[in-house]
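Just below is one structure, and these are the notes that go with it.
Read-outs throughout are calculated quantities, based only on the coordinates presented, and are distinct from any laboratory measurement. These numbers were taken from a predicted model, which means no experiment stands behind them. Note that we place each Cβ from the backbone using ideal geometry, even for glycine, and neighbour counts take in every protein chain shown.
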Amino acid sequence: MDSVDPNYEYFIKNFDALRGKYGDKFVVIANCEVVSDHDTRETALKSAMKKFQPGEFIIQHVGDGDEVYFFSHFSS
């Protein structure tokens, strides 16, 4: 059975606080902390790829809605 990514667990656990701080931004989470925030998914991905290897981070949209979507980047 696959385990849940610790970065995603961090995002879910801290979603309300993150929404209050980052509003409608895309956040890059690595090592269970927000390392940057961006206006678009594309700029978040470009920033994350400069600092981390694929699989070491996730990108999440901290929206105002009740739905939470998961986005991550992996490369083979």
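Odds and ends about this structure:
- Per-region count, the range 5-20, residues in contact (Cβ under 8 Å) with a residue 40 or more places away in the chain and either of a type in the set (Asp, Glu) or surrounded by fewer than 19 Cβ atoms within 10 Å (Cβ to Cβ) (or both): 5
- Scanning the range 1-31 for residues that are among the aromatic types (Phe, Trp, Tyr) and touching a Cys at 6+ places or on another chain (Cβ under 6 Å) gives a single hit, 10.
- Subset of the range 30-63 [surrounded by fewer than 17 Cβ atoms within 10 Å (Cβ to Cβ) and either hydroxyl-bearing (Ser, Thr, Tyr) or more than 22 Å from residue 4 (Cα to Cα) (or both)]: 39, 40, 42, 43, 46, 50, 51
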